[in-house]
């Protein structure tokens with residue numbers, strides 16, 4: 001009887017071990033499948049990282065080009081602004097010169113007008129000296 005019980009015990013133990021082994025094999029298979037899926041996801045993620053890295057590199061190159069263009073335009077703008085300031089100064093100088101010339105012209109006109117009045121007055125009030133001296137008409 002002890003032998004029978006031992007054989008039953010071992011059979012039950014063997015059955016338990018067989019079931020546990022089968023369960024463990026199923027777990028291993030499930031883990032293998034999950035590992036394979038994770039590896040595939042990892043490959044996809046690595047490819048996205050490479051693509052993103054290329055895009056980042058391209059964007060950095062474009063940004064550098066844009067900075068160069070911006071600096072070029074900034075230099076052009078600053079040069080144009082300096083030119084405008086210099087032209088404004090030159091224009092102000094010319095305007096000042098014109099104002100001075102206009103003032104001189106105005107003074108000359110006034111002088112000519114005064115002289116013309118003097119001439120008109122002299123011509124209107126005095127006759128030729130040949131008549132015996134300056135006399136009024």
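Computed values, structure above
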| read-out | value |
| --- | --- |
| The listed residue being assigned to a helix (DSSP H, G or I), at pLDDT 95 or above and surrounded by 10 or more Cβ atoms within 10 Å (Cβ to Cβ), out of 50, 74 | 50 |
| Checking residue 4 against (1) surrounded by fewer than 10 Cβ atoms within 10 Å (Cβ to Cβ); (2) at pLDDT 95 or above, the condition it does not meet | (2) |
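The values are calculated or read from the model by the stated rules, or taken from the named source; none is laboratory data. All values derive from a computational prediction rather than experimental measurement. All Cβ positions, glycine included, derive from the backbone under ideal geometry; neighbour counts span all protein chains shown.
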